[in-house]
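Undergrad: Dropping a structure here in structure tokens format, bear with me for questions.
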Amino acid sequence: MNRLISFDFLKWFYPGMHIKRWLALIVIGVAIMTFGLSYVVREAYLEGLRFPGFMYWLTLQFIPRYVRGIMFMGGAVGLILFSIWQLNQSLLSVLAPNRDSTESLVNTIYTQRFLRRGPKIVAIGGGTGLSTLLRGLKEYTGNLTAIVTVADDGGSSGVLRRELGVLPPGDVRNCIAALADAEPLVTRLFQYRFEDGSGLAGHSFGNLFIVAMSGVVGNFEDAIRQTSRVLAVRGQIIPSTLENVTLSAKTTDQRTLMGESNITQDLKHNGSDARIEQVYLLPHNPPAHPEAVRAILEADLIVLGPGSLYTSVLPNLLVQGIRRSLIASSAPRVYVCNVATQHGETDGFSVRDHVDAIEDHVGKGFLHYVLANNNLSEPIPRAEQSRPVQVDEGINNGVRLVATDVISEENRYHHDSSKLADAVMRLYYDHDGSLPQPEPE
């Protein structure tokens, strides 16, 4: 705790905080006042004004002057720092009464000053993988845009989509919870899932909240905006399209599967060795969300994944406007490969297989980097037949492989948000500016 307070105090002196100049001015003002007071006392003493006897002891006259001076200056510095700390707490309690009690004013200022000057990063995907990435990246920049798929038709999102005709809110909810800067209890409430109750069982509070907000404000995109404002989201969340799309797949045994939830369930349980050969959206060529296109064209870095390859990442790239804006963007495009295969989608896939699947759908040379986990020292036992994704020595088409440890030690089926964000930011800052050009469509 003491180390944390000490570290927070040092943040006051970081460049760009716009604080040091005012702290220096306070110190100068106190010093001038002290000089003035000393002159008055000195003149009063020289003119014969007699001070009470206890002043001899109060002003430490029995100690050499240099030592006294150092002691008084040290005490003054301590009082100034204590006063600043108490002012910090007092202002925070008034200006942000609902914030976490452990959050200090310096951290709030640091967030506003530094994170808003961070790089513009667009993260594209869905599911828990995207929210894991966002949870880490929000500590590096406030200029985050999450572009999420709207093809989900299973679980709570699927029920709300079918019964109320709204876009599926599940992936949006996960991103809002990941980027929220609100009180932790509010975020937990947003992710709370009802276990009992007629009509409520299986629904999360966040999904119901977003759908209710859609009814209040009139549409889904405004509901996302207002919900993000309520939960103090760092960044913005945008659906890849506002069209009511259905994800479909063709399999290697020449079958057509309709609906995101049906695709993996069928391939998990039909007992054959069939795999996904191609996925596509119905209706074809849905219009991209204009704000998503704008964010991509203005981005400094674009990250795809992590997440289910065929049902979370690729559905966004199948929106033609999204795909074209990605190709037109000058920002490096990074694909974050999953750390484990997904039964029913990517059984037996290596890193190269993931990259090949993306390029088969959107064209060669689409990706600039692939970020893969190389911490494969321990096997991953699991009933659902998932295995670690093996790292290939070389990929293809000039895609640059960045292999590093990004796995969660608590759950080796998932990325660690801090490790992943650190790896992405290191890649961004190490990027040399040279990018291969994709082949024309």
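Undergrad: Could you put Val40, Val355 in order of accessible surface area, largest first, with the 1.4 Å probe and the full protein assembly present?
TA: Solvent-accessible surface, decreasing: Val40, Val355.
Undergrad: Moving on. Under 25 Å Cα-Cα from Lys250, which lysines qualify once same-chain neighbours fewer than 8 residues away are excluded?
TA: Reachable lysines: Lys268, Lys364.
Undergrad: Probe radius 1.4 Å, ligands and nucleic acids left out: which of Met33, Met71, Met213, Met425 has the largest accessible area, and how do the rest follow?
TA: Sorted by accessible area, descending: Met33, Met71, Met213, Met425.
Undergrad: Mind pulling up the Rg/Rh value for segment 192-329? Radius of gyration and Kirkwood radius, both on Cα.
TA: On the Cα set of segment 192-329, Rg over Rh gives 1.01.
Undergrad: By average Cβ neighbour count within 10 Å, what is the ranking of 276-288, 129-141 from highest down?
TA: 129-141, 276-288
Undergrad: Continuing with the same structure: How large is the accessible surface per residue of segment 252-410, computed with a 1.4 Å probe and reported in Å² as a whole number?
TA: For segment 252-410, the per-residue accessible area is 41 Å².
Undergrad: In whole Å, what are the extents of segment 228-279 along the principal axes defined by its C-alpha atoms, from largest to smallest?
TA: The Cα atoms of segment 228-279 stretch 47, 21, 14 Å along the principal axes, largest first.
Undergrad: In addition: Segment 132-210: Rg/Rh from Cα coordinates, Kirkwood Rh?
TA: My calculation of the ratio gives 1.00.
Undergrad: Another one. Hey, any idea what % of segment 161-302's accessible area is carbon plus sulfur with a 1.4 Å probe?
TA: On the way: 3480 of 7000 Å².
Solvent-exposed carbon and sulfur of segment 161-302 make up 50 percent of the total.
Undergrad: Excluding Asn316 itself, calculate the net charge of residues whose Cβ lies under 11 Å from the Cβ of Asn316, where each Lys or Arg counts +1 and each Asp or Glu counts -1.
TA: Residues close to Asn316 contribute a combined charge of 0.
Undergrad: For Thr246, enumerate residues with amide H under 5 Å from its amide H, sequence gap 5+ or separate chain, H modeled in the peptide plane.
TA: Placed amide hydrogens put Leu282 under 5 Å from Thr246.
Undergrad: For segment 250-399, report the translational diffusion coefficient in µm²/s to the nearest whole number, using Stokes-Einstein at 25 °C, 0.890 mPa s, and a Kirkwood Rh over Cα pairs. The partial results should precede the final answer.
TA: On the way: Rh = 16.4 Å.
Rounded, D is 150 µm²/s.
Undergrad: A further question follows. Normalising by the residue count of segment 142-205, find the relative contact order in percent from Cα pairs under 8 Å and 6+ residues apart.
TA: 24 percent
Undergrad: Check Thr241: other-chain or 5+ apart residues with amide H under 5 Å from its amide H, H built from backbone geometry?
TA: Val150, His289
Undergrad: Amide H of Val370: which non-local residues (sequence gap of 5 or more, or other chain) have their own amide H closer than 5 Å, using H built in the peptide plane?
TA: For Val370, whose amide H was placed from the backbone, the distant partners under 5 Å are Tyr335, Arg400, Leu401, Val402.
The values are calculated or read from the model by the stated rules, or taken from the named source; none is laboratory data. Note that the structure is a prediction, hence the values are computed from the model and not measured. All Cβ positions, even for glycine, are placed from backbone atoms using ideal geometry, and neighbour counts span all protein chains on display. To get the accessible areas, we keep the full protein, side chains included, count just its heavy atoms, and leave off ligands, DNA and RNA. Shrake-Rupley method; radii C 1.70, N 1.55, O 1.52, S 1.80 Å.
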